[in-house]
Structures are given as structure tokens and as C-alpha cells.
1. Considering only residues that are over 18 Å from the mean Cα position of the chain (by Cα) and not in a helix (DSSP H, G or I), which ones fall in region 176-187?
2. In region 176-189, what residues are under 19 Å from Tyr46 (Cβ atoms) and surrounded by fewer than 16 Cβ atoms within 10 Å (Cβ to Cβ)?
3. Any residue in region 44-52 that is assigned by TED's automatic domain parsing to the domain that holds Lys165 and closer than 28 Å to Gln177 by Cβ?
4. Hey, among Pro85, Pro95, Pro128, which residue is surrounded by 17 or more Cβ atoms within 10 Å (Cβ to Cβ), on the phi < 0 side of the Ramachandran plot and at pLDDT below 90?
Amino acid sequence: MSKSNLYVGHHWLDLKNDKTIQKMYLDPLWKIYLDNKSIYGNSTLYLLVDVKTSALKTYKLLEDILNKYKPMLTHVSLDSLYIGPVTIILSGNRPPINYFDDYHEYRNVFIDGRINDIGRMVSEKIMPLISSDWGDSFEWDGKGIMSEDEKKILRELVIKIHNEKKEIRFWGAPDNQNTWKALLSAGVDLINTDNIEECRNFIIQQGKY
């Protein structure tokens, strides 16, 4: 992070002038938006920003950066939610949730929740997504058949989150077709994967795309 840029990388050594959030993500998406007035048709694309620096300072800088891209962004205006082609969600070091309660006129950044946020009555207009480490809730490694007990835990978790009008994803889940099938069957909304083409083809085959 600098006074005018947010840099993207997994390590300090990765941070370079050409690796800003604008150049790597926002500008390419903006070009697609200008050409098509959408990214994925009628669907919104979630862009999760995993903050590693100071929560509030980074958030305020991100707000300034996003001013250029307002027309394509999901936003809340006067407590009404407007879904745009791109939805910005802060993960990692997030500002306190009550910080977002002060935004009454306009806000285009949202918060990635955690399992312990379930039941806290946080509006989906602030926290549209709940994310969790797979290993915190499940022992199944993606091989063979998931136990009935863990299937039940997964289904009940999905139901609780959907009842709050939020979506759910897991990081660190086994990355194979066996797991993808279990997640889709339970109603999990977003699947983390490094096997993008294979996962996409699998989802299409399952009729879930």
C-alpha cells in the first residue's frame, strides 16, 4: 500500500509498480464493462480483496481508487442495494462492522463474514458472504463418501446462512470433483478452486451453471 496505490502479492517481494489492484483487476474489468455493460451477463462477479495491511487505512484508500469505477460496482445508496456487474468484498483485515453502519448515502464496498458472524443480525447489505476454513468444521478429505454427520452439519450451515440472505464459501476444501459434488449438493454458493477449467466444466455438467 502507498498513498495512492494498493499493491497485489502474496509476499512483500512480489510487490511491484505494475502489480496494483487497478492494473491487475479493476482496469481489465472496467474495459470489459465498457465494451459489454456487463461482466457475466446478469450475474455479478465477486472480487474479494484480501487485505494484509491496516484495515481502515487500506479501506479508505480503496474507496478513493474505486471512484473511477462506480458505474460497474454493486452499491448501497440510501439503504437500497443495487447489484452491479462487480461486487467488491473485503476479506482479511476488515474494518469493524459498525464502521459501515455510518454509511447512509453511498457505499460500494462490502464485508466478507466468518462463521461466528452467523446470528449477529448483520445485514446482507453489509455482509453478503460468509467464508470459512474447511478444516475448522470438517475432517473429510474429499476421498470416498462424506459421513452423514458431516453432511448434516454442512446442510444446516448452508440453511442458516441462506436464511440470512447471505452466500457461503469455504477455503482450504479438497479441490476435486468429489468435493465439488458434495458442495453443490449441499447448496454451497461459491467454490474455491485452482482447477478452474475442470471445475467450470464439472459445474456445467451438473446443470448448475
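The values are calculated or read from the model by the stated rules, or taken from the named source; none is laboratory data. The structure displayed is predicted, hence computed values, not measured ones. With ideal geometry, Cβ positions are generated from the backbone for all residues, glycine too; neighbour counts draw on all protein chains shown.
1. Listed by number, the list holds a single entry, Asn176.
2. Gly187
3. There is no residue in region 44-52 that is assigned by TED's automatic domain parsing to the domain that holds Lys165 and closer than 28 Å to Gln177 by Cβ.
4. Pro95
Table: residues versus (1) crowded, with 16+ Cβ neighbours inside 10 Å; (2) within 20 Å of Glu124 (Cα to Cα); (3) touching a residue at least 12 places away in the same chain (Cβ under 8 Å).
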site: Lys31; (1), (2), (3): no, no, no
site: Leu34; (1), (2), (3): no, no, no
site: Tyr59; (1), (2), (3): yes, yes, yes
site: Leu66; (1), (2), (3): yes, no, yes
site: Pro71; (1), (2), (3): no, no, yes
